[in-house]
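A short reminder: the numbers here are calculations on the coordinates, not readings from a lab. What you see is a predicted model; the values in this text were computed from it and never measured. So basically every Cβ, Gly included, is an ideal-geometry build from the backbone, and we count neighbours across all protein chains shown.
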Amino acid sequence: MESSKTHRPSVSGPALRLVEPLEKPPLNSPPVSRQGAAKKRLKNWVKKIPFFQEVDYLRRKVYDSSLFDFAVREQARKLEQWPPALLLDVTNRCNAKCVWCPNPDLTDLGSMKMDLYRKIIDDYSTRGGVVHFGTFGEPLMDKTLREKIEYLQKFPTIKRVEILTNAFFMNEKIIPTLLENSVAVDISLDELDRETFEDVKKMSYDVVRKNIIDLLQANDRRSHPVPVNFRIKTLKTMEETLEHEFFKIIQDHRCTIALTPLDNNIISNWAGRFDKDGFMDRYGIDSDKAVRFNHKRFNLTNTAPCTQLWKWMVVYWDGSVVVCCADMFSSTPVGNLTEDSIKDVWGGTVLTELRKKMIARQRFEIPICQNCDIHLSWHHLKNDYDSNGEPFQGKFL
Ligand code: SF4
C-alpha cells in the first residue's frame with residue numbers, strides 16, 4: 001500500500017508488533033517486539049481469570065443490544081452512501097487445501113478478466129476507497145494480478161491497496177510489484193513448523209518460508225517499506241509459538257503478527273458451510289464445547305446488525321457481488337458489476353432490504369446468516385473507519 005503514492009501510509013519503524021488477533025493490525029507498526037509478546041502473555045493470563053469469559057460475554061450482550069445502536073447509526077448511514085472498501089476476489093482458485101477451509105469444495109472456478117476489472121476500478125475510483133485483493137481464493141494465482149495492481153496507480157482516490165495471500169506464489173517476480181506499488185501484504189501463515197504446516201495447509205513449507213524471508217528482507221531495504229502482517233492461527237500453544245525459531249526470525253523484521261491458538265475457537269464455520277465440529281473433533285480441539293462464553297458462540301446468537309453490510313463490497317471473480325466475505329459459495333448475490341454500477345448495487349434494493357432486516361434485528365430471517373459465527377456487530381465499524389466513514393490510515397481491513 002505504500003511507496004510511490006504519498007497519500008498512502010508507509011511503515012518506517014523497525015521490527016515487529018504483536019497484535020491482538022481479533023483486532024486489526026496497524027499498518028504503521030512501531031517497534032514493540034518483546035513488549036508486544038509480553039503484553040500478549042498478560043492478556044492471555046487475564047482471559048484465564050475466573051469468570052472473565054462470562055463477564056466479557058455479558059458486556060457484549062449489553063453493548064450489542066439495540067440500546068446502543070444510536071452509537072453507530074450515523075456512521076453506518078455515511079457508509080451506506082458508498083462502499084469504503086472493495087474486496088475483490090480476483091480468483092477463487094487456491095493452491096492450498098487448508099483443513100479448515102471449504103474452498104476445495106468450490107466448483108465454479110475462474111479469474112476476473114481485465115476488461116471487467118477495469119470497468120469496476122474506473123467506477124470505484126470516481127469516489128475511491130480501499131482495494132483489497134483476495135478473500136475466497138489465492139489472489140497470486142491470478143495471472144493478471146500484476147497488471148491489476150499497476151492499473152490502480154493512476155487513481156489517487158484509491159487510498160490503500162491490500163492483499164491477503166498464503167505466500168506460496170509470492171516469489172521474486174511479484175515481490176517488487178508489491179513493494180513498488182505500495183501493496184500492504186497480509187499473510188495467512190498459520191503454522192510455523194514444517195510438519196504441522198504441511199499437514200493442515202497441504203503445501204510446501206520451504207517455498208512459503210523462503211518467500212516470506214525474501215519479502216521481509218526486501219521490504220527492510222526500502223526507505224518506505226510496506227505494511228506486512230502475519231495471521232497465525234495454530235494448533236500449538238502460545239508459548240510454543242513465541243519460542244519457535246521461525247517466529248523469532250519474523251519478529252526481527254518490520255511486521256505485525258496476529259496470533260491465535262486454535263483452542264481459542266478462532267476457526268469459522270463459514271456460515272454453516274464448513275463442518276467445524278467435525279474438524280475440532282478430528283484435531284482434538286475441544287474449546288467449542290469447553291468455552292461456553294467464547295466470542296464465536298456469541299456470534300451465533302448475536303442479533304446486532306452485522307458489520308459486513310456496511311464494511312465493504314465483496315466482489316466475486318465473475319463480477320457478481322455477494323453479501324459478505326462468508327458467502328464463498330455465492331448463495332446470496334446482491335448485484336452484478338458486469339452490468340450495474342457500484343453505486344446502484346451498494347444502494348440497491350437487495351442490500352437496502354438486507355440492511356433494514358439487520359437493523360430491525362431480524363438477522364435470523366436472512367438464510368445465510370442463520371448459522372454464521374463470522375458475524376460481528378456493526379460496532380466493529382469503528383475499528384476500521386472514522387466517523388466520516390474514512391478508513392483509518394493505520395489498519396488492515
Ligand atoms: S451474519 Fe454471517 S452470513 Fe450474515 S452478513 Fe454477517 S458474516 Fe455474512
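Charges at C-beta only: +1 for Lys and Arg, -1 for Asp and Glu. How large is the resulting dipole of the range 186-253 about its Cα centre, in Debye rounded to 20? Don't jump to the answer; show the numbers that get you there.
Working: 11 positive and 15 negative charges, 72 e Å.
Computed charge dipole of the range 186-253: roughly 340 debye.
With θ set to phi - 60°, apply the Karplus curve 6.51 cos²θ - 1.76 cosθ + 1.60 along the range 192-197 and write out the HN-Hα couplings as whole Hz, x wherever there is a Gly or Pro.
These are the phi-based 3J(HN,Hα) values: 9, 9, 3, 5, 5, 4 Hz.
Under a point spin-label approximation (7 Å from Cα along Cα-to-Cβ), what is the T126-L106 distance to one decimal in nm?
Placing both labels 7 Å beyond Cα along the Cβ direction yields 2.8 nm.
Would you mind classifying the range 295-397 by shape? Square roots of the alpha carbon gyration tensor eigenvalues, ordered a ≥ b ≥ c; an a/c under 1.5 is rounded, otherwise it is prolate if a/b is larger than b/c and oblate if not. Intermediate values should be presented prior to the final figure.
On the way: a/c = 1.57, a/b = 1.12, b/c = 1.40.
Oblate.
Using a/c under 1.5 as the rounded threshold, could you call the chain rounded, prolate or oblate? The axes a ≥ b ≥ c are square roots of the C-alpha gyration tensor eigenvalues, and prolate needs a/b larger than b/c, oblate otherwise. Don't jump to the answer; show the numbers that get you there.
Details: a/c = 1.36, a/b = 1.02, b/c = 1.33.
Verdict is rounded for the chain.
Just name one of P333, Y151, A76: the one whose Cα is farthest towards the positive end of the charge dipole of the chain (beta-carbon charges, Lys/Arg +1, Asp/Glu -1).
The residue sitting most towards the positive pole is A76.
Using only helices, what value at 222 nm comes out for the chain when you add -39,500 (n - 2.57) per DSSP H run of length 4 or more and divide by the total residues, to the nearest 500 deg cm²/dmol?
Computed mean residue ellipticity for the chain: -9500 deg cm²/dmol.
For the range 330-397, build the charge dipole from Cβ charges (+1 Lys, Arg; -1 Asp, Glu) around the Cα centre, then report which of F396, Q362, W346 sits farthest towards its positive end.
After comparing all options, I get Q362.
What are the residues whose amide H is under 5 Å from the amide H of S182, where those residues sit 5 or more places off or on another chain and H is modelled from the backbone?
E2, S4
Would you list Y124, Y57 from fewest to most Cβ contacts within 10 Å?
Y57, Y124
How high is the relative contact order of the range 35-188? Use alpha-carbon pairs under 8 Å, at least six apart in sequence, and give a whole percent.
With pairs under 8 Å counted, the relative contact order is 21 percent.
Pull up all non-local amide H partners of K395: gap of 5 or more, or a different chain, and H-to-H distance under 5 Å with H placed in the peptide plane.
L27
For the range 151-156, what does the Karplus curve 6.51 cos²θ - 1.76 cosθ + 1.60, with θ = phi - 60°, yield as ³J(HN,Hα) per residue in whole Hz, taken in order and with x for Gly and Pro?
For the range 151-156, the Karplus curve yields 4, 5, 5, 7, 10, x Hz.
Ordered by residue, what ³J(HN,Hα) values in Hz, to whole numbers, does the range 118-133 give under the Karplus form 6.51 cos²θ - 1.76 cosθ + 1.60, where θ = phi - 60° and Gly and Pro are x?
4, 4, 5, 5, 4, 5, 5, 6, 4, 10, x, x, 9, 10, 10, 8
Once you charge only the Cβ atoms, +1 for Lys and Arg and -1 for Asp and Glu, what is the size of the charge dipole of the range 244-327 about its Cα centre, to the nearest 20 debye? Before the final figure, lay out the partial values.
Working: 10 positive and 10 negative charges, 54 e Å.
Dipole size: approximately 260 debye.
Extending each Cα 7 Å along its Cβ direction at A71 and F364, get the distance between those two points in nm, one decimal.
For A71 paired with F364, the spin-label model returns 2.4 nm.
For W346, W270, what ranking results if the residue with the fewest other Cβ atoms within 10 Å of its Cβ goes first?
The order, fewest Cβ neighbours first, is W346, W270.
So what is the relative contact order of the chain, in percent, for Cα pairs below 8 Å that sit 6 or more residues apart? Mind dumping the intermediate values first?
Details: 757 pairs, mean separation 98.5, N = 397.
Once divided by the residue count of the chain, the mean separation gives 25 percent.
Using the crude model of +1 on Lys and Arg Cβ and -1 on Asp and Glu Cβ, and no other charge, please compute the dipole size for the chain relative to its Cα centre, in debye to 20.
Roughly 1040 debye, rounded to the nearest 20.
Where the centroid of each part is defined by its Cα atoms, how far is the range 44-115 from the range 322-397 in Å?
Each part's Cα centre sits 10 Å from the other's.
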